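Values quoted throughout were computed directly from the atomic coordinates according to the rules given, and no laboratory measurement underlies them. From a predicted model like this one, the values you see are computed outputs, not experimental measurements. Positions of Cβ are generated from backbone atoms using ideal geometry, with glycine treated the same way; all protein chains shown enter the neighbour counts.
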Amino acid sequence: MNADWTGGPDQLVEADGQRRTAARRFRDASVPLIELWTYYYGLGGDVDEMSLDAYLNEALRLPAAQVGLITTAMNEFFGVDPE
Amino acid sequence: MTDNDGFRQGPGGFGPGPDTELTLQQLVLESTDIKAFLTELAVLASSRLSVPGNTIHSGVTVLRHKRPEAVAASDAAASALDELQNGFGEGPCLTALRNGHTILVPDLAAETRWEPYIRTAMHHGVSSILAVPLDLAGEAEAVLNLYSGCSNGFSAEDTATAESFAGQAASSLRLILRITQLSEARNDMSVAMQSRTVIDMAVGAIMAENRCNRDTAFGILTRASNTRNVKLREVAATVITSISGEEKITAHFDD
């Protein structure tokens, strides 16, 4: 599942910034990917583990709804990001 | 560690034979978790290596998130020694853990490495230390720490038997690690299935009520969760309860 980028360059920059933050939080938490993915799946997430892996390595863009669920999963699983 | 009259009676017979293998297999089956297994392992190592006049205290340190943690010991003395070493951040057991090689310190009084730790250990009555890493094939890292109150408390034969014991223990440990990981993954998955069922149901309800699509419904649910600082699945449960009065939604899945 890839994102349909029709939002223009500004949204793209913003989404990439959001993705960078998610990648950093994942690295800092040093939690196994499968645990985060399982939690995200439990929230109703749609993408598979490999796509989540790619997203968290800044190699894939995901639809905004999935990004929102990944953020929620991280907030509930790691605690809210102080930054 | 006061029984250090320096007398060794007979060999510290804990051979690698089928007896040890059977005992370890039994431990894997009977242990409720990794900590319990490692504690039994430490007790076993200590009882097999101790001889009258030379009591061996045994502990296990594992690397967790790159930090050493004293997880199990045959007794309080060994546990305290492991903790001390982790506190100093250096010592024979940590070196053995990092390098993957057995380290024998036959006489602490003559040892020049790991100075602060060695001095403190001597205050605790330790005279020799044997550290044997457990080869877990990259799944984790662990070391078996053996302490004696006698100088030269470990003969060449003891070292060999401790190593072969560690080899067998490592296989058992890998097995129990894998069992634990699988059963944890299974539990996480079943929790996720329950949670997903409740959330999907609430999302459907919001879609019907607001005549919106799924992404919008998720957005509404997420915003409610964020503003009230309540977990998404709890908000979802509230939505369902408010509609149907049902308190508990359970999903059944075959294990």
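Counting only residues 5 or more places away or on other chains, whose amide H sits under 5 Å from the amide H of A:Leu60 once H atoms are built in the peptide plane?
A:Tyr55
Give the cross-link partners of B:Lys66 among the lysines, using a straight C-alpha distance below 24 Å as the criterion and excluding same-chain residues fewer than 8 apart.
Those lysines meeting the cut-off are B:Lys35.
From the phi angles alone, apply the Karplus equation (6.51, -1.76, 1.60; θ = phi - 60°) to region A:43-53 and give each ³J(HN,Hα) in whole Hz, x where the residue is Gly or Pro.
8, x, x, 10, 7, 7, 4, 5, 5, 5, 4
With angles folded into 0 to 90 degrees, how steeply does helix A:9-29 sit against the dominant principal axis of chain A? Use alpha carbons for both and round to 10.
On a 0 to 90 degree scale, this one is about 10.
Enumerate the amide H contacts of B:Ile56 below 5 Å, restricted to partners 5 or more residues apart or on another chain; note that Pro and chain-start residues carry no placed amide H.
When sequence neighbours closer than 5 places are left aside, the close amide H contacts are B:Ser50, B:Val51.
Taking H as built 1.01 Å from N, whose amide H comes closer than 5 Å to the amide H of B:Leu144, not counting residues under 5 places away?
B:Val132, B:Leu134
Starting from the Cα of B:Ser183, step 7 Å along the direction of its Cβ; do the same at B:Asp33; then give the gap between the two resulting points in nm.
In this crude label model, B:Ser183 to B:Asp33 measures out at 1.1 nm.
Bin width 5 Å, origin at 0, all Cα-Cα pairs of chain B: what percent of pairs per bin?
That works out to 1, 6, 12, 14, 13, 9, 7, 5, 5, 6, 6, 6, 5, 3, 2, 1, 0, 0, in percent per bin.
Could you tell me how many degrees, from 0 to 90 and to the nearest 10, lie between the Cα long axis of helix B:76-88 and the main elongation axis, the longest principal axis, of the Cα atoms of chain B?
80 degrees
With bins 10 Å wide starting at 0, give me the P(r) of the protein assembly as shown over every alpha carbon pair, in whole percents.
5, 21, 22, 16, 15, 13, 7, 2, 0
Quick one: net charge of B:Arg119's neighbours, Cβ under 15 Å, K/R +1, D/E -1? Present the calculation step by step, with values, prior to reporting the outcome.
Details: positive: B:Arg113; negative: B:Glu90, B:Asp107, B:Glu111, B:Glu115.
With Lys, Arg at +1 and Asp, Glu at -1, the net is -3.
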